[in-house]
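Notes to accompany the following structure.
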Amino acid sequence: MARLFLLISIILISSALYSCSSNQKPSSIYTCPASHCYKRYTGKIAGQDVVVNMIYYKDSGSEIPAAAGSCYYSGKSQIITLTPDSLVDNMIHLTEFVETERYIDENAKHPHWSVAIDEKTIKGMWSSADGSHTETIDLQENYDDAYSFDVLALKDSASANGKRATYKILSEQTMLSPAASVGRQDAEFITRTLLHELGGDTIGAGTLNSYLKQSNQSMFADHKNGITEMVNANDTFEGESWNWFYDMHNTCVYNSRGFVGFYFSTYYYCGGAHGINGSRCICVDVKEKKTWHLQDVLAVDTPKLSSLLEGAARKSFKLKPTDTLSLTLSVDTIPVTGSIMISDCGITFHYGPYEIACYAMGDISLYLPYTELGEMLRPEFKKRMNLK
């Protein structure tokens, strides 16, 4: 999920770009949105049912917007990141990445989509990594047994005076919020759950909008106080590291069966060699009004689960049976994390920077299908997901 999230981090999902300049806006191409927006699509690719979650980001100045997306084949695949990368021959091109596969070869080819996107549909062609096989893509916007979201966005800055210059802190935040079409009880539950995950309930934020504003005010105050302390201490080191930056966004990567899987990503630079990344997943059961944590999903047998995760890591990083994990990672045993993302077919275990590898490795995702988890799956979760 590191590439998407987006999109974070972003991002998974980090962000991806496609052109919509004034001389490249045929009616079949999704044009620059008037505001950030989320869309969910369903349909078929090669006769297989697929669900796509996309967030379109309005660009703040240029004519190039950003998008972050993911898809999964219902009952058949783990979550796949979709990265829009170009506009060629009046078609938007998106590349598929499986986040649990580490691509050692930067020139490796991947399956890709060549599609036209309008307000309600995605239509075009899917191509295999080597281009030898193609299939038709035909998707429609659809929220059956799922939820629609608005995208809240807040970009703000503040300044504080040093001895030789004025320094800024810039904050950019995007947050999914239940759309007006979502029922009141469901919307209140989703909002309450997100606020709790963010710590908004501890600062008295009653809405997601108020949380974004209050969190900004707190960061801006920290920035000003930090610079004031350095000035008062007669700190002679003054430079670009006194310009701070904060980015937070959350995305939806699973939206089916009355479940919503949210991915949060943050990046905070407040001086030093590099910023601080953070990311986590939560699985919100809107239908049953609960959040599914690891202990709710699995009767955790730590040694067994750690061994399964080691197998997933060896597969992901293409390690030989004789190789130690620390040849690539910073651990010899994979710890069990509570940051999980459920899907139709299995569970993705998500690790942020430094948890099991160095900072440069970024986020790491390890996937275990339900078939491997076997008797550890709790009966109530199996019933909820219609697992045998």
Counting only protein heavy atoms and leaving out ligands, DNA and RNA, the solvent-accessible surface of SER35 at a 1.4 Å probe, in Å² to the nearest 10, equals 70
Protein chains only, probe 1.4 Å: how do THR302, THR348 rank by accessible area, largest first?
THR302, THR348
Largest-first ranking of GLU106, GLU101, GLU96 by accessible area, probe 1.4 Å, whole protein assembly kept, is GLU106, GLU101, GLU96
Yeah, the range 276-361 with a ≥ b ≥ c from its alpha-carbon gyration tensor (a/c under 1.5 is rounded, else prolate when a/b outruns b/c, oblate otherwise) is prolate
Ignoring everything except DSSP H segments at least 4 long, calculate the 222 nm mean residue ellipticity for the chain; use -39,500 (n - 2.57) per segment, divide by total residues, nearest 500.
-5500 deg cm²/dmol
Net charge of neighbours whose Cβ lies under 12 Å from the Cβ of PRO321, counting Lys and Arg as +1 and Asp and Glu as -1:
+2
For the range 166-282 the translational diffusion coefficient, Stokes-Einstein from a Kirkwood Rh over Cα pairs at 20 °C and viscosity 1.002 mPa s, in µm²/s, is roughly 133
For the chain, the dipole about the Cα centre with charges only on Cβ (Lys and Arg +1, Asp and Glu -1), to the nearest 20 debye, works out at 480
Considering only protein heavy atoms and a probe of 1.4 Å, how much of the accessible area of the range 288-380 is carbon and sulfur, as a whole percent?
54
Once neighbouring chains are kept in place and the probe is 1.4 Å, which whole percent of the accessible area of the range 138-255 is contributed by carbon and sulfur?
47
If you bin the C-alpha pair distances of the chain every 10 Å from 0, what whole percents do you get?
5, 22, 31, 26, 13, 4, 0
Quick one: the Cα spread of the range 80-131 along its three principal axes, in angstroms, biggest first?
36, 20, 16
Give, as a single signed number, the net charge of other residues whose beta carbon lies under 15 Å from the beta carbon of ASN216, with Lys and Arg counted +1 and Asp and Glu -1.
0
Calculate one ³J(HN,Hα) per residue across the range 322-337 by plugging θ = phi - 60° into the Karplus curve 6.51 cos²θ - 1.76 cosθ + 1.60, and present them in order as whole Hz with x for glycine and proline.
8, 6, 7, 4, 5, 5, 10, 9, 9, 10, 9, 9, 7, x, 7, 9
Would you mind getting the accessible area per residue of the range 200-305, heavy atoms of the protein chains only, 1.4 Å probe, in Å²?
45
Need one number for the range 195-241: average projected area of the convex hull over its C-alpha atoms, nm².
4.3
Which sequence of ILE203, ILE137, ILE276 reflects their accessible areas, 1.4 Å probe, from the largest down?
ILE276, ILE203, ILE137
From the cross-link list LYS123/LYS304; LYS44/LYS155; LYS213/LYS289; LYS304/LYS383, the entries with a Cα-Cα span beyond 32 Å are LYS123/LYS304; LYS44/LYS155
10 Å-binned pair-distance histogram of the range 73-210 (Cα, whole percent)
9, 24, 26, 25, 13, 3, 0
Can you check what the net charge comes to around PHE349, using other residues whose Cβ is under 13 Å from the Cβ of PHE349 (Lys, Arg +1; Asp, Glu -1)?
-4
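The values are calculated or read from the model by the stated rules, or taken from the named source; none is laboratory data. Bear in mind the structure is a predicted one, so any value in this text is a computation, not a measurement. Neighbour counts run over all protein chains shown; Cβ positions are idealised from the backbone, glycine included. Surface accessibility is based on the protein's heavy atoms, side chains included, excluding ligands, DNA and RNA. Shrake-Rupley method; radii C 1.70, N 1.55, O 1.52, S 1.80 Å.
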